[in-house]
Amino acid sequence: MALTPSTMLPLGTTAPEFELPDTNGELASLADFKGAPAFVVLFICNHCPYVKHIRAGLAQFGRDYTAKGVAIVAINSNDVTKYPDDSPAKMKEEVKSAGYTFPYLYDETQAVARAYRAACTPDIYLFDKNQKLAYRGQFDDSRPGNGISVTGTDLRAAVDAVLAGKPVAASQKASMGCNIKWKAGNEPDYY
């Protein structure tokens, strides 16, 4: 498992636009989440061991924070031709199996991943009520095999700060995981 760090998109960046299908074929766009006090974008996939490691924590985070009005969306941008376990049909199974309560979207062209400068799974972004980037980084310090419990501490603290109208801690650790599986010739130049 080669670790790839997130690119750490500059804080204050406006959330890039998107319109992608969810696991039921319904389109979701950035505009659908306008007005939320906080908006979390998770670049994940089904097969990555780093995502699998935190999946129960992501599901619990989703339940805890959608109840507080936070908008959450997960996006899978992997090349499903080479990684069929990440196909839309398998994504639908993953939503049910993992217990995700937030939309799980498919970025077939990988344009959305490129717009967010996503590099790995998981890659996590938190935007404030004005859809300006307030946090980008890890879920917590837990990784497969390091013995640290999955808590979501880093993301939870950042969301709690945004909800309270307070600044998010300036010290933010990059997320680490498997690289996004780019289609041939579609690899971005940002890492």
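Brief remarks follow.
- For segment 93-191, the set of GluC sites (Glu not before Pro) satisfying both a DSSP loop assignment and a count of at most 16 other C-beta atoms within 10 Å is given as Glu108.
- In the chain, lysine pairs closer than 20 Å at Cα, eight or more apart or cross-chain: 23
- Relative contact order, percent, segment 1-91 [alpha-carbon distance under 8 Å, six or more residues apart]: 29 percent
- Taking amide H positions as modeled 1.01 Å from N, with prolines and chain starts lacking one, the residues under 5 Å from Ile75 and 5 or more places away or on another chain are Leu42, Phe43, Ile44, Leu105.
- Amide H within-cut-off set for Cys120, under 5 Å, with H built and near neighbours excluded: Ile180
- Each Cα pair under 8 Å and six or more residues apart adds its separation to the average, and for segment 37-179 the resulting relative contact order is 31 percent.
- Over the residues of the chain, the helix contribution to mean residue ellipticity at 222 nm works out to -7000 deg cm²/dmol, using -39500 (n - 2.57) for each DSSP H run of at least 4.
- Partnerless cysteines, meaning none of the other Cys C-beta atoms lie under 4.7 Å away, in the chain: Cys45, Cys120
- Distance between the pseudo-spin-label points of Asn186 and Asn24 (7 Å out from Cα toward the beta carbon): 2.6 nm.
- Considering all C-alpha pairs of segment 66-145, those separated by over 19 Å amount to 47%.
Computed from the coordinates by the stated procedures, all read-outs in this text should not be read as laboratory data. Owing to the predicted nature of the structure, the values given are computational and were not obtained by experimental measurement. So basically every Cβ, Gly included, is an ideal-geometry build from the backbone, and we count neighbours across all protein chains shown.
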